[in-house]
Amino acid sequence: MQKIIDEAVKQLISIIDSKKNSKEVAWQFILEELDAARQGNDFVKDRIEFLYVNNADYIGAMNRSWIDVDGLTGPQKFLVLLTMQISKEIGIDNAAMVRISIVEYIMCHYKFGRFYVDDEIRVAKKPLKLFEVVVSDEDLLHPNFRHLLEDENKLLRDVISRWASGFEDRDNKFNYEFQTTFNSSFWEVYLYQCFKDLGLNVDFSKASPDFTVQNLNGEIINIEAVTANHAHDSTPEWEYGELKENDDFLNFASIRILNAINSKQKKYHETYSTFEHVIGNPFVVAVAPFEQQMFFIQNNEAINRVLYGQGIDKDNGFIEFEVPIALKNEKVSLELGLFTNDKYKEISAVIFSTMGTLSKAITQSSLDRDIRSSRYHNRKGLIMEVKENDKHFETHLDGLQIHHNPFAINKLSKDAFDRYEVTHYYYDIETKSIDNQQKNYTMISRNLWPSVAKNS
């Protein structure tokens, strides 16, 4: 059966590529297939979710077709006839399973859905030159930057340079900061590629906040990026040390995230609130944790404590419990639950991710790595898988969380970040519950290490 699938994929690619605007034809063909497949068996319905396409995109797609897609020489006609032929041999249900598998291969070829990678290199008037060393004293180079300069990491440098393409170096400081403090600048570069993937236009004529973006509906959103870093008396994330116990780990992460958000709210009141492009528009804080070793394993636990004052008991059926405070230096109580009242009403939302790291760049390269990932599924539970990097797929946006503030003066529309793999969080004031809108097969966490198969 695999030979039939491979041959069908080859034929379909040939048919699609023969059409004018072949990329549009391919996308419409896929949407029509998903529209039809949603009436299929359980395997087919589940496979649709695996492909990372919002149902609003494909429902009704068959009513929006044109001749290049479903005409006599179109890909739709070819696949329908093939499915009819196969169903006579292996039955309707099995033929439907083959059909959705063919669609998946087509999506992979054209890099749609969960296979999406933006390979475009954009031109900037004042482009970043991240890897041209501008620091005279090598002792000032950040360990993570030094790591990237190693010969074996050229592929990583290429990926990060692609993310940064089109980024304007407005103050002539970015390259220096990328090389000396690294994490905060890296986070901005990661975010910039997110905005490109989302089709958000960045207005670099605005010096601050970090990003002023505009969506297709003309909505202006101001985004300030910040990282939660290690405390002056704690071990930085790039050094090995004793890993904190779970409660201490999350307590420390919460303190550092809280500190980062507070610094940006203060900046808003002192500076940004007077800017014409900020007044009346959503103000979003984008925060990433780099505060300790293994910071990336916290997923949403620390940010949920900070924003909603809630935690989960992993040893007791993952039940939720209140976490009203974080304890700093074992004696100073810091109030959590920023989005449970109107004290932070100026912040429209918080963007958060534990996956916008160097590992994300590795997944977009051809480096040999084994990757262990965990994915969410509302019926199957946590899905764990280990794959070689060339067989592992995640998008740049995978792992991105958007936490909406119910008390916000200027609320953030979901439309600006409406992609399948982006998880939106809403807090219900009356029930004091978190509405986590994570979708099936989207990523929760990812670990990687040198490939065993390639190095054995």
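Taking every DSSP beta bridge that has both ends in the chain, the antiparallel portion is near 70%. The residues packed around Ser413, meaning those with a beta-carbon under 14 Å from its beta-carbon, carry a net charge of 0 if Lys and Arg are +1 and Asp and Glu are -1. Which FRET efficiency value, to the nearest 0.05, do you get for Trp238 and Gln214 by plugging their Cβ-Cβ distance into 1/(1 + (r/R0)^6) with R0 = 30 Å? So, using R0 = 30 Å, E works out to roughly 0.25.
Could you sort the peptides 3-14, 410-421 by per-residue average Cβ neighbour count (10 Å cutoff), highest mean leading? If you can, show how the numbers build up before the last one.
Values: 3-14: 14.8, 410-421: 18.3.
Going by the mean number of other Cβ atoms within 10 Å, highest first, we get 410-421, 3-14.
Dipole of the chain computed with +1 at Lys/Arg Cβ and -1 at Asp/Glu Cβ about the Cα centre; of Ile86, Pro324, Ala164, farthest Cα towards the positive end is Ile86.
Taking the C-alpha atoms only, the angle from helix 246-270 to the longest principal axis of the chain is near 80 degrees. Bridging of Lys10 to lysines at a Cα separation below 24 Å is possible for Lys19, Lys20, Lys23, Lys77, Lys88, Lys111, Lys391, once same-chain residues fewer than 8 apart are set aside. Note on Asp203 and Thr274: their simple-model spin labels are 1.9 nm apart, each label 7 Å out from Cα toward Cβ.
For the stretch 366-456, the normalised intensity computed at q = 0.19 Å⁻¹ comes to -0.92 (log10 of I(q)/I(0), Debye sum over alpha carbons, equal scatterers, no solvent).
Below 15 angstrom from the Cβ of Arg379, what's the summed charge of the other residues (Lys, Arg +1; Asp, Glu -1)? Around Arg379, the charge tally is +2. Could you state the angle between the C-alpha long axis of helix 183-197 and the longest principal axis of the C-alpha atoms of the chain, as a value from 0 to 90 degrees rounded to the nearest 10? That works out to roughly 30 degrees.
Between Ile90 and Asp119, what's the calculated FRET efficiency when r is the beta-carbon distance and R0 is 51 Å? Round to 0.05.
Working: r = 37 Å, r/R0 = 0.73.
With a Förster radius of 51 Å, E is 0.85.
Taking each residue as 0.36 nm, the span from Val386 to Thr181 lengthens on full extension beyond its C-alpha to C-alpha distance by 70.5 nm. The residues packed around Lys266, meaning those with a beta-carbon under 14 Å from its beta-carbon, carry a net charge of 0 if Lys and Arg are +1 and Asp and Glu are -1. A Cβ-based charge dipole, computed about the Cα centre of the chain with Lys and Arg at +1 and Asp and Glu at -1, lands at about 940 debye. With neighbour counts taken as other beta-carbon atoms within 10 Å, the residues Glu242, Glu335, Glu346 rank, fewest first, as Glu242, Glu335, Glu346. The Cα atoms of the stretch 2-115 give a gyration tensor whose axes a ≥ b ≥ c have a/c under 1.5, which makes the shape rounded. May I ask which residue of Ala56, Asn144, Gly113 lies farthest towards the positive end of the charge dipole of the stretch 3-144, with charges of +1 (Lys, Arg) and -1 (Asp, Glu) on Cβ and the Cα centre as origin? Towards the positive end, the residue furthest out is Ala56.
Give the label of the value calculated from the structure for P(r) over Cα pairs in 20 Å bins from 0, in percent, choosing from (1) 22, 54, 23, 1; (2) 21, 43, 26, 9, 1; (3) 26, 58, 16, 0. Entry (1).
Read-outs: derived from the displayed coordinates by stated rules, not from any lab. Please read these numbers as outputs of a predicted model, since none were measured by experiment. When we count neighbours, we look across all protein chains shown, and the Cβ atoms used for this are built from the backbone with ideal geometry, even at glycine.
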